[in-house]
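Quick notes on the structure that follows.
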Amino acid sequence: MPILPERIRLAALHGQSQLADETTPFVRNAWYVAALAHEVDRQPLARRLLDLPVVLFRQLDGRAVALEDRCAHRSFPLSRGTLDGDTLVCGYHGARYDGDGHCRHVPSQSQIPPGAMVRAFPLHEAGALVWIWMGDPAKADIAAVPHQPWMADAGWVSSTERLHLLASYVRLHENLLDLTHLSFLHANSFGTPDYASAPFDTRLDEDAGRFALLRTVSPTRLPPLWARPTGLDGVDAARVVESTFLSPALHVVAVKFYACALPEDAQPARAIRTAHIVTPESGQRTHYFIQHARNFALDDDDITAFMHAQLLKAFQEDVDGLEAIEALLGGYAEQQPEISFHADRASLAMRRWLKRQAHAELAG
Ligand code: FES
Ligand SMILES: [Fe+2]
């Protein structure tokens with residue numbers, strides 16, 4: 001016996017049909033991060049991206065290359081082969097591929113069969129990240145890489161990490177546009193009880209596909225993760241947060257902190273920025289890269305290590321929560337209705353946009 005009246009259940013499901021979820025096709029015409037730059041070297045790296053097997057490696061001149069990880073002959077994973085100079089040699093029958101994906105040599109015959117090639121994907125390396133374009137090659141435009149200037153700016157000291165999330169990338173984006181969960185899911189890390197009820201504003205730009213949530217929590221007491229590095233321990237402080245969906249691959253959370261007792265501009269800079277870099281592996285698995293930066297105490301390695309460890313603990317709470325949702329819903333035979341809150345305004349707009357983009361791509 002369903003608990004919801006049929007009228008409400010059907011209305012909820014109808015609303016959800018406009019929203020992206022784990023069943024929505026990927027937006028392919030976008031730059032995604034394939035790997036952290038240090039992960040790509042002379043050992044072929046296998047990584048599933050947007051539900052396609054990809055192999056990444058570096059050529060002798062240091063240039064990163066990405067090929068479809070499936071030999072054109074009998075589909076042996078090329079990542080299980082070896083590099084000979086700039087050539088990737090298949091580990092099954094020895095076909096040799098250049099970085100452009102063309103087979104240049106077949107050991108058992110002198111001719112290269114027509115069509116002996118694999119797909120090569122455009123890459124763009126910037127700072128700590130290797131971006132990949134897996135959509136229509138004619139639309140790959142480096143100017144559209146959503147890399148942010150601060151991500152490679154000496155005025156911001158950064159650390160990076162890669163997490164693996166057994167849940168949809170849509171759920172991760174939604175989590176990042178919903179900061180009310182900090183008071184609960186992150187009650188033991190960087191959440192505070194006053195966070196969920198603090199006033200917020202949204203900025204929704206449907207044309208540009210940018211969705212932002214702004215929240216000021218003031219006066220508040222900062223959790224140790226922020227209080228210790230900023231020196232704002234035990235004082236009334238303001239925590240001003242802007243969380244922005246910039247592309248299907250990138251969400252940036254920018255936070256500044258200042259003591260309430262002084263005008264903001266009379267205090268030292270104390271800001272952090274976190275790039276939540278989101279690459280679908282499949283419909284229900286996500287590569288979750290992080291680049292976290294601050295603009296103060298730039299030379300203090302202890303603070304870098306402290307913040308990195310504390311943040312990772314908090315982000316693991318997101319991973320655990322989203323995986324619990326994905327696993328729970330996977331146990332139902334049918335789609336379950338969702339009831340939304342006012343605070344979901346930005347995430348609902350983002351999910352509608354993602355679904356529209358995905359279907360517009362499919363329609364050509
Ligand atoms: S499968 Fe690669 S050469 Fe045969
Ligand atoms: Fe979170």
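The values are calculated or read from the model by the stated rules, or taken from the named source; none is laboratory data. Please read these numbers as outputs of a predicted model, since none were measured by experiment. Reconstructed Cβ throughout: ideal geometry from the backbone, glycine too, with neighbour counts over all protein chains shown. These accessible areas exclude ligands, DNA and RNA; they are computed on the full protein's heavy atoms, side chains included. Shrake-Rupley method; radii C 1.70, N 1.55, O 1.52, S 1.80 Å.
In the range 160-256, what GluC sites (Glu not before Pro) fall in a loop by DSSP, with at most 16 other Cβ atoms inside 10 Å? Can you show the working numbers first?
Values: sites: GLU161, GLU174, GLU206, GLU242; in loops: GLU206.
Counting only loop positions with at most 16 other Cβ atoms within 10 Å, the GluC sites (Glu not before Pro) in the range 160-256 are GLU206.
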Report in % the part of the accessible area of the chain that belongs to carbon and sulfur, leaving out ligands and nucleic acids; probe 1.4 Å. 53 percent
C-alpha long axis of helix 345-363 to longest principal axis of the chain, angle in °: 20 degrees
Tell me the label-point distance for the pair CYS260, ASP136, using the 7 Å Cα-to-Cβ offset, in nm and rounded to one decimal. 5.3 nm
Mean residue ellipticity at 222 nm from the helices of the chain, using -39,500 (n - 2.57) per DSSP H segment of n ≥ 4 over the full residue count, to the nearest 500 deg cm²/dmol? -6500 deg cm²/dmol
Net charge near ASN188: determine it from the other residues with C-beta under 10 Å of the C-beta of ASN188, scoring Lys and Arg +1 and Asp and Glu -1. 0
For ASP207 and ASP86, FRET efficiency with R0 = 45 Å and r from the beta-carbon atoms, rounded to 0.05? 0.60
Residue (of LEU232, THR202, VAL217) at the positive-pole extreme of the range 200-240, dipole from beta-carbon charges: LEU232
Order by protection proxy (mean Cβ within 10 Å, highest first), peptides 85-91, 288-294, 4-10: 288-294, 85-91, 4-10
Among ALA34, ALA346, ALA126: highest mean-square fluctuation, GNM of the chain, C-alpha pairs under 10 Å: ALA126
Using the charge dipole of the range 147-363 (Lys, Arg: +1 at Cβ; Asp, Glu: -1 at Cβ; taken about the Cα centre), state which of ALA254, PHE315, THR304 has its Cα farthest towards the positive end. ALA254
Applying a 10 Å radius around every beta-carbon, put 297-303, 118-124 in order of their mean neighbour count, most first. 118-124, 297-303
Taking 0.36 nm per residue of sequence separation and subtracting the Cα-Cα distance, how much length would be gained by fully extending the chain between LEU329 and ALA269, in nm to one decimal? 17.2 nm
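Once you list every other residue whose beta carbon is under 13 Å from the beta carbon of ASP86, what net charge do they have if Lys and Arg are +1 and Asp and Glu are -1?
For residues surrounding ASP86, the net value is +1.
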Dipole size in debye (nearest 20) for the chain around its Cα centre, Lys and Arg Cβ +1, Asp and Glu Cβ -1? 640 debye
With an 8 Å cut-off on Cα pairs and a minimum separation of 6 or more residues, tell me the relative contact order of the range 115-189 in percent. 18 percent
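Normalised by the residues of the chain, what does the relative contact order come to in percent, with Cα pairs under 8 Å and at least six apart?
20 percent
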Taking R0 as 30 Å and r as the Cβ-Cβ distance between LEU166 and GLU6, the FRET efficiency 1/(1 + (r/R0)^6), rounded to the nearest 0.05, comes to 0.35
How do ARG48, ARG270 rank by accessible surface area computed with a 1.4 Å probe, from largest to smallest? ARG48, ARG270
D (µm²/s, integer) via Stokes-Einstein for the chain, Kirkwood Rh across alpha-carbon pairs, 25 °C, 0.890 mPa s: value 109 µm²/s
Find the eigenvalues of the gyration tensor of the Cα atoms of the range 90-201, then list the square roots of 5 times those eigenvalues as equivalent ellipsoid semi-axes, largest first, in whole angstrom. 45, 18, 14
So, over other residues within a Cβ distance under 12 Å of PHE257, counting Lys, Arg +1 and Asp, Glu -1, the net charge is +3
How much length is gained if the chain between PHE306 and GLN336 is pulled fully straight, taking 0.36 nm per residue apart and subtracting their Cα-Cα distance, in nm to one decimal? 6.8 nm
Separation of the range 131-161 and the range 310-364 by C-alpha centroid, Å? 24 Å
Please give the charge dipole size of the range 147-363, origin at the Cα centre, charges +1 on K and R Cβ atoms and -1 on D and E Cβ atoms. Round to the nearest 20 debye. 220 debye
Taking only protein heavy atoms and a 1.4 Å probe, what accessible area per residue, in Å², does the range 147-363 have with all protein chains in place? 45 Å²
